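No value in this document is a laboratory result; all are computed from the given coordinates. Keep in mind that this is a model prediction, so the values were computed, not measured. Virtual Cβ from ideal backbone geometry, glycine too; neighbours counted across all protein chains shown.
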Amino acid sequence: MNTSDPAAQAAETITVALVGSGGSGVMTAGDFLLRAASKAGWYGMMTRSSGPQIRGGEAAAYVTLSSRPVDAPSDRFDMLYAIDWKNAERFSAEIPLDTASLIVSGEAGATVPDAFTKGGARIAELDVKALLKDVSGGRPNMLALGVVCTLMGIQPDAVEDVLESRLGKKGAMAIESSTAAAELGAKCARDLPSFPKLSTPAQNGPEHWVITGNQAAGLGALRGGIRFVAAYPITPATEILEWMSPRLPKVGGNLVQAEDELASINMAIGASYGGTPSLTATSGPGLALMTESIGLAIASETPVVVVDVMRGGPSTGIPTKSEQGDLNLAVFGLHGDAPHVVVAPTSISDCVFTTQWAVHLAESMQTAAIVLSDQALGQTISVIDKPADIAFATRRLVADTVDESYNRYALTGTGVSPMSLPGTPGGQYTADGLEHNPRGTPSSTAEDHAAQMEKRLQKIVEFDYGSHWADIDGDGDVAVVTWGSMTGPVREAARRVDPDGSKVRVVSLRLLAPAKPEWLAEALDGVERTLVVEQTHSAQFYHYLYSHFGLDTNAEPFHRPGPLPLRPAELEAKIREWTRQ
Amino acid sequence: MTAESAPAFAAKDFKSDIKPVWCPGCGDYSVLSSVTKALAELQTPPEDVAVVSGIGCSSRIPAYTNCYGFHGVHGRALPLAIGLKVSRPDLTVIVTGGDGDGYSIGGNHFLHACRRNVDMTYIVMDNQVYGMTKGQPSPTTEPDWESGLVPGGTRIRPFMPLVVALASGANFIARGFSGDPNGTAQLIAEAIRHPGFSFVEVLSPCVTFRPEQRNWKHETHPAPVEATNDRGRAARRLATDDGFNTGVLFYDNRAPYMPPVDANLTDVQQFDREFAV
Ligand SMILES: Cc1ncc(C[n+]2csc(CCOP(=O)(O)OP(=O)(O)O)c2C)c(N)n1
Ligand code: SF4
């Protein structure tokens, strides 16, 4: 190999797109690629994209691998490997290629669509069909795995390791044929044009995990003590429910599939009333259906956690793509004055912490907590440092013993009053969505309404949220304020503009409601200009900060709806242009 | 308890001191009384009973009992009660409500609660009207009933709750009449004792918006035949009876639903391992 070839130099980060038609196994190849790289010590992430078909149909796996943690989609692709080109053009807007990119066509004689070649990418072809002729049971996706791993410098034993652990259930034959195909791919790779190798990963860092945001949210929920889940399937939240379902009984809990979201939120409230920390997970359409009953949880002071994995909206929208458009619904969507908590994870890893924290907040304050995750966090599979196991001393304030004077909604001075659980003699009360007096008896007097409203607000406003309300990185007189899945791309862009973190401050809000204008003001102390980054069409977050957080009138929104991700390069360009002004 | 000792709980021990908001003469007073009598008969301590409801005049019952209660939102009492019962199987769970709450806005939950067959008792006070919102037709209202909202009547065939309950899988089906509080108390006690989802439809007049329902005392009568556990027979009877047969009409012995329980509990930390590279 020619060492003066720039492509032959080590790269810190490499991104590959694998595409193919239904049944070609690109998702499996992508998954194995990520896992093989993780075994060899690299970080990475993989996102999936697919056509509208329920099963089968063209699919694309986008895999970014790096020797440092990856928290953003990449700006461009180093390689596009097509197992075949059927309907592949559908993905062209999602796969930016340039002259440094390599296209590998696994379909002999096929023309690569213009949409991919117009950026000037190099093209190589493999006659995969002919190559696999003599490998019994050998599949093109496993050959692709061998090609890609070898081009990037992922060791064959890492690939073998993954094949053995992932195909173990399918038997020795499957492992053998896949290994043979991958080895053949590795051989072919040597004849392909030069391609950068991944730079060596750090060897003795922290333990790595391979996890999706949805699994992470499920784990955070269990760590937080959730022991009852009511479920109604909806993309892209279903995996939280499916991950939790078989695991809940192992920790003494359970999951019930409900007939709809009206039922699931009420089942969760009912279980929580009985003393069991409870959760449901959904996406925008389901959250919309749940809002009336979230108000019930708030009025009756019954803790409940609702995870909303946001997708493109409104209405059924774009179920498989990410957007942050449920912010207004989560913060303002309840009828009446209904103080509650809205939190958002700032990364895939943080889905563990933020969901666990949400349980802690809901239980401690006896209120509803909404977790706003999104498709990009939820369905991306990522190699991360093992998330810290943070234990909160979460305990619902329970009235263990009660006497005659027990009042469920007593005005305690903190807004939180001891809750008696069914089975406790003398603690009987009726939880009610009707306004009530301290005892719980329905009341429509101005005094009771004012006192109970104040109680429900006070406990949420005065709660000690610690430093968890936001992630703040860097310093300097310009700031980017963002939230949720936009945090990764913003951080990456800020790192490029300002590697030592002295010029650009990044503030990602984890606590979206209640609004804490004084904390944001403090975090932005000394900042002259603020950019607000979000993935919505109407700049919901910007308007929310403006109306409820006293955001400076100089602040500027930078926003766009899904389905295309906001890539670090465009944010970088924006920050550079804007810091120059 | 030994045979000689006095019962620990009387009906009044299940009543709270809160004065109902109901109109004088409303059938729901008697249903409340039947519920408390049934609980006294069962001698379940009030703190081990949860009464769950939605919204409507009839849904006000929980606070009038001395049990744990949940007065939720309109139509959603059944799922709330299901969440409670599956996570607290030790409790006796009773759901109360009206025909609007249960068959209209909550209709879907009614089907699925019957199907799911969780061990609880559902008492619907059917007055064939929306009482609380002052006199609109409900799913069980006759098609030609005049009202301000739907002049000339709904022209829609009434919903048949017992037939639907049977088709959906309820484990116990009975009809009572509020004018017979002792008989209704017996039905409720039996419904609570019966495992699985027990459904008791109680004809309970709304004297304010359906004063003609006072006449129900002349129309209701004990069912002329014994309760059956034969689905086909029950289907024919329930579909063709005059709507005024009272008593237990159907019972089954489907095993109540409970989510799976794992005997070998582990620690949450165990799950960390599946993610480790
Ligand atoms: C979501 C919602 N829609 C409408 C109402 C208004 N509402 C209150 S009670 C009721 C009907 C009650 O009828 P029913 O269940 O038959 O009970 P009844 O009052 O006759 O006992 C309605 C429509 C409400 N509280 N919530
Ligand atoms: S309106 Fe009808 S149902 Fe409601 S309390 Fe009065 S009589 Fe009873």
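When the label point is put 7 Å from the Cα of B:ASN215 along its Cα-to-beta-carbon vector, which residues of segment B:159-189 have a backbone N closer than 15 Å? Within reach of a label on B:ASN215: no residues. Around the amide H of B:VAL202, modelled in the peptide plane, lie the amide H atoms of B:VAL124, B:MET125, B:ASP126, B:GLY176, all under 5 Å away and 5 or more residues distant in sequence or on another chain.
About its Cα centre, segment A:13-189 has a charge dipole of approximately 320 debye under the convention of +1 per Lys or Arg Cβ and -1 per Asp or Glu Cβ, with nothing else charged. Dividing the mean sequence gap of close Cα pairs (under 8 Å, 6+ apart) by how many residues chain A holds gives a relative contact order of 12 percent. Peptide packing for B:46-52, A:182-188, A:163-169 was compared via the average number of neighbouring C-beta atoms within 10 Å per residue; ordered from the highest value, the list is B:46-52, A:182-188, A:163-169.
Taking every DSSP beta bridge with both residues inside segment A:210-385, roughly what % is antiparallel (nearest 5)? Percent antiparallel among DSSP bridges in segment A:210-385 is about 15.
At q = 0.13 Å⁻¹, what log₁₀ I(q)/I(0) does a Debye calculation on the Cα points of segment A:210-385 give, no solvent, two decimals? Results for segment A:210-385 at q = 0.13 Å⁻¹ read -0.52.
Between 0 and 90 degrees, the angle of helix B:231-240 with respect to the longest Cα principal axis of chain B falls at about 30 degrees. Segment B:141-208 to segment A:174-237: how many Å between their Cα centroids? So the two Cα centres are separated by 55 Å. Take the Cα gyration tensor of segment A:470-580, multiply each eigenvalue by 5, square-root it, and list the three semi-axes largest first, rounded to whole angstrom. Rounded to whole Å, the semi-axes are 19, 17, 12. Remark on segment A:424-508: ratio of C-alpha radius of gyration to 2.2 N^0.38 Å is 1.91. As I understand it, the value is the acute angle between the Cα axis of helix A:140-152 and the longest principal axis of the Cα atoms of chain A; what does it come to in degrees, rounded to 10? Around 90 degrees separate the two axes. For chain B, the relative contact order works out to 18 percent when only alpha carbon pairs closer than 8 Å and six or more residues apart are counted.
Look at where the Cα atoms of segment A:247-286 and of segment A:529-543 average out, and the two centres are 33 Å apart. Peptide A:425-437 has a mean shielding of 6, counted as Cβ atoms of other protein chains within 10 Å of each residue's Cβ.
Spatial offset of segment A:71-124 relative to segment A:564-580 amounts to 24 Å, using the alpha carbon center of each.
Any chance you could give the angle, 0 to 90 degrees and rounded to 10, that helix B:107-116 forms with the longest Cα principal axis of chain B? Relative to chain B, helix B:107-116 is tipped by roughly 50 degrees. Counting, for every residue in A:272-282, the Cβ atoms of other protein chains within 10 Å of its Cβ and taking the mean gives 4. Pairwise Cα distances in chain B exceed 23 Å for 53 percent of all pairs. Of the peptides B:199-207, B:34-42, A:435-443, B:266-274, the order by per-residue mean of other Cβ atoms within 10 Å, starting with the highest, comes out as B:199-207, B:34-42, A:435-443, B:266-274. Note on B:41-48: average number of Cβ atoms from other chains within 10 Å of each residue's Cβ is 2. The packing ranking, built from the mean of other Cβ atoms within 10 Å per residue, places the peptides A:201-208, A:264-271 in the order A:264-271, A:201-208, highest first. Among rounded, prolate and oblate, which fits segment A:4-158 when a ≥ b ≥ c are the square roots of the eigenvalues of its C-alpha gyration tensor, a/c under 1.5 means rounded, and a/b larger than b/c means prolate? Judged from the Cα gyration tensor, segment A:4-158 comes out rounded (a/c under 1.5). Derived scalar couplings between HN and Hα for segment A:398-414 equal 10, 7, 6, 10, 10, 10, 3, 7, 4, 10, 4, 10, 4, 8, 9, x, 9 Hz in order, rounded to whole Hz, by the Karplus curve 6.51 cos²θ - 1.76 cosθ + 1.60 (θ = phi - 60°), x for Gly and Pro.
Taking a sphere under 13 Å around the Cβ of A:GLU435 and counting the other residues whose Cβ falls inside, with K and R at +1 and D and E at -1, yields a net charge of -3. Projected onto its three principal axes, the C-alpha set of the protein assembly as shown covers 102, 66, 60 Å, listed from the longest axis down. Close amide H partners of A:SER349, meaning residues 5 or more places away or on another chain with modelled amide H under 5 Å apart, do not exist here. Secondary-structure-derived ellipticity at 222 nm for the protein assembly as shown, considering helices only, amounts to -9500 deg cm²/dmol, per-run term -39500 (n - 2.57) for DSSP H runs with n ≥ 4.
The alpha-carbon atoms of segment A:397-464, seen along their principal axes, cover 31, 30, 19 angstrom, with the largest extent given first.
Taking amide H positions as modeled 1.01 Å from N, with prolines and chain starts lacking one, the residues under 5 Å from A:ALA11 and 5 or more places away or on another chain are A:LYS197, A:LEU198, A:SER199. Only sites in a loop by DSSP and with at most 11 other Cβ atoms within 10 Å count here; which GluC sites (Glu not before Pro) in segment A:549-581 make the cut? Within segment A:549-581, no GluC sites (Glu not before Pro) qualify (loop, at most 11 other Cβ atoms within 10 Å).
Work out the P(r) tail for segment A:294-417: percent of alpha carbon pairs separated by more than 17 Å, whole number. That fraction is 64 percent.
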